[in-house]
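Participant: Below you will find the structure I want to go over with you.
The values are calculated or read from the model by the stated rules, or taken from the named source; none is laboratory data. Everything quoted here is computed from the prediction, not taken from an experiment. Note: ideal-geometry Cβ built from the backbone for every residue, glycine included; neighbour counts use all protein chains shown.
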Amino acid sequence: MVSKIYKNKNFKKIALIFGISGQDGSYLAHLLLRKKYKVIGITRNNKSKNLFRLDKLKIKKKVIIYKCKAIDINFLNKLIKNTKILAKYITLQDNLQ
């Protein structure tokens, strides 16, 4: 897992999690929500059956979820500029597609 945190007292802490529907991403989202972060998640597949971990942790309605490939640079640049992301988290898997 790679993380980078920016400190800025003018904004609520916002975390961007790549791979939020996976095991690591969903538990990270749960932890960050408890720490009062606003959580934005990126997933390759945002169908309900793929988000079962967020349902199990009862946090699906508390996070903002976008379907996007991590290589869509234009979308990611707009997202980061518009939300003033203060932390970025990437959960890695061994067979990226």
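Participant: Among the residues of the range 34-51, count how many are surrounded by 13 or more Cβ atoms within 10 Å (Cβ to Cβ) and touching a helix residue (DSSP H, G or I) at 6+ places or on another chain (Cβ under 9 Å). If you could, list the steps in order and put the result at the bottom.
Facilitator: In the first step, residues of the range 34-51 are kept if they are surrounded by 13 or more Cβ atoms within 10 Å (Cβ to Cβ); the result is 37-44, 46, 50-51.
Now restrict to residues that are touching a helix residue (DSSP H, G or I) at 6+ places or on another chain (Cβ under 9 Å): 37-44, 51.
Qualifying residue count for the region: 9.
Participant: Same structure, new question: How many of the residues making up the range 74-97 are farther than 15 Å from I17 by Cα, at pLDDT 65 or above and loosely packed, with under 11 Cβ neighbours inside 10 Å?
Facilitator: Count: 3.
Participant: If you don't mind, there's one more thing I want to ask. Scan the range 27-81 residue by residue and report those that are aliphatic (A, V, I, L, M), over 17 Å from K13 (Cα atoms), in contact with a strand residue (DSSP E or B) (Cβ under 9 Å, 6 or more places away or on another chain) and part of a helix (DSSP H, G or I).
Facilitator: Matches in the range 27-81: L51, L54, L76.
Participant: Kindly indicate whether L54 is at pLDDT below 90 and either within 14 Å of the chain's Cα centre (by Cα) or of a type in the set (D, E, K, R) (or both).
Facilitator: no
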